[in-house]
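Asks: The structure under discussion is supplied below as structure tokens; questions concerning it will follow.
The values are calculated or read from the model by the stated rules, or taken from the named source; none is laboratory data. Because the structure is a prediction, the values reported are computed rather than measured. Glycine gets a Cβ as well: all are built from the backbone with ideal geometry, and neighbour counts include every protein chain shown. We work out accessible area using only protein heavy atoms, side chains counted, and drop any ligands, DNA or RNA first. Shrake-Rupley method; radii C 1.70, N 1.55, O 1.52, S 1.80 Å.
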Amino acid sequence: MLIAGNWKMYKGPAETAEFCLGLREQELEGVDVVVCPAFVSLAVAVQLLAGTEIAVAAQNVHWEQEGAYTGEVSAEMLQELGVYGAIVGHSERRQHFGETDETVARRTEAALEAGLFVIACVGETGEEREREETEEVLRRQVSVLEGDDNLVLAYEPVWAIGTGKTATPDMAQAAHAFIKTLIDVPVLYGGSVKPDSASELLSQPDVAGALVGGASLELESFSAICRAAIRS
Ligand code: PGA
């Protein structure tokens, strides 16, 4: 079971340090834990979590090793810092920063090639679900990805992200089972996962863990979700 905390554009280096020192004190045996701070906070997270089993991943990664790509960061640069992996294709990047299936594929491929662990995000919008296009959207988003030992997917229905509207465990299970017919990699669930909802979601047969946004920002709620993963 894998629990990843996506901190989005929260926590600079000082808050990251405080969180990581607290996280070190938690009893987390029996669950794989990853934190995904903003680029500027990666170094301090790597430093303070060194010697623990907790991994540090970035929230994005570019497909070129270097070049004229203002504002981007390469897999090699992340590796030099000791970063373990990266999230790719988060819906906020697709919605606000022009990320497409094609760029998601390029980022994923290059990161895997460089030896990073990748969490690639897929998921339908509320309108797409209403139009009963969920499977079509997932099929399109997954079709550009290839199975890899270092790849996991995160099913994050866009309508459930940051809204407090979690997919029901049955909805999550159905989507995960469908994704698993398309690609043979573990699938995390993401979208308003909270300590209260975690156990039931994580006990679904095709849910391999969670990608947690809001509830990963507080040590208490994040570690409660990690403990729910240990129990399930
Ligand atoms: P949320 O975010 O848990 O705040 O809904 C999840 C995500 O965006 O990865």
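Asks: Name the residues in region 179-196 that are open to solvent by 50 Å² or more (accessible area, probe 1.4 Å) and either touching a His at 6+ places or on another chain (Cβ under 9 Å) or among the hydroxyl-bearing types (Ser, Thr, Tyr) (or both), would you?
Replies: Thr181
Asks: Another question, then. Looking only at residues in region 169-178 that are open to solvent by 40 Å² or more (accessible area, probe 1.4 Å) and either more than 15 Å from the ligand (Cβ to nearest atom) or touching a residue at least 40 places away in the same chain (Cβ under 8 Å) (or both), which one is nearest to Gly214 (Cα to Cα)? Full working, then the answer.
Replies: From region 169-178, those open to solvent by 40 Å² or more (accessible area, probe 1.4 Å) are 170-171, 174; that's our starting set.
From what's left, either more than 15 Å from the ligand (Cβ to nearest atom) or touching a residue at least 40 places away in the same chain (Cβ under 8 Å) (or both): 170, 174.
Values: Asp170: 22, Ala174: 24 Å.
Filtering first and then ranking leaves Asp170.
Asks: Then there is this: Taking the criterion of being out of contact with any helix residue (DSSP H, G or I) (no Cβ under 6 Å at 6 or more places or on another chain) and without any contact (Cβ under 8 Å) to a residue 40 or more places away in the chain, would at least one residue in region 104-113 satisfy it?
Replies: Among the residues of region 104-113, at least one is out of contact with any helix residue (DSSP H, G or I) (no Cβ under 6 Å at 6 or more places or on another chain) and without any contact (Cβ under 8 Å) to a residue 40 or more places away in the chain, which makes the answer yes.
Asks: Of the residues that sit in region 181-196 and are in a strand (DSSP E or B) and touching a residue at least 60 places away in the same chain (Cβ under 8 Å), which one is nearest to the ligand (Cβ to nearest atom)?
Replies: Taking region 181-196 first, the residues in a strand (DSSP E or B) are 187-190.
Filter once more, keeping what is touching a residue at least 60 places away in the same chain (Cβ under 8 Å): 188, 190.
On the way: Leu188: 9, Gly190: 4 Å.
Filtering region 181-196 for residues that are in a strand (DSSP E or B) and touching a residue at least 60 places away in the same chain (Cβ under 8 Å), the one nearest to the ligand (Cβ to nearest atom) comes out as Gly190.
Asks: Which of the residues belonging to region 197-208 are within 13 Å of the ligand (Cβ to nearest atom) and open to solvent by 20 Å² or more (accessible area, probe 1.4 Å)? Give the steps one after another, and end with the answer.
Replies: Step one: filter region 197-208 for residues within 13 Å of the ligand (Cβ to nearest atom), giving 197-198, 201.
If the condition is that a residue be within 13 Å of the ligand (Cβ to nearest atom) and open to solvent by 20 Å² or more (accessible area, probe 1.4 Å), then Ser197 is the only one that fits.
Asks: For residues in region 209-226 being more than 11 Å from the ligand (Cβ to nearest atom) and out of contact with any helix residue (DSSP H, G or I) (no Cβ under 8 Å at 6 or more places or on another chain), which is most open to solvent (accessible area, probe 1.4 Å)?
Replies: Within region 209-226, the match that is most open to solvent (accessible area, probe 1.4 Å) is Glu220.
Asks: Pull up region 112-137, narrow it to residues that are in a loop (DSSP other than H, G, I, E, B) and closer than 26 Å to Gly82 by Cα, then point me to the one that is most open to solvent (accessible area, probe 1.4 Å).
Replies: The selected residue is Gly115.
Asks: Here's a follow-up. I'm checking my understanding of the structure. Among residues of region 138-161 that are open to solvent by less than 30 Å² (accessible area, probe 1.4 Å) and of a type outside the set (A, V, I, L, M, F, W, C), which one is nearest to the ligand (Cβ to nearest atom)?
Replies: Glu156
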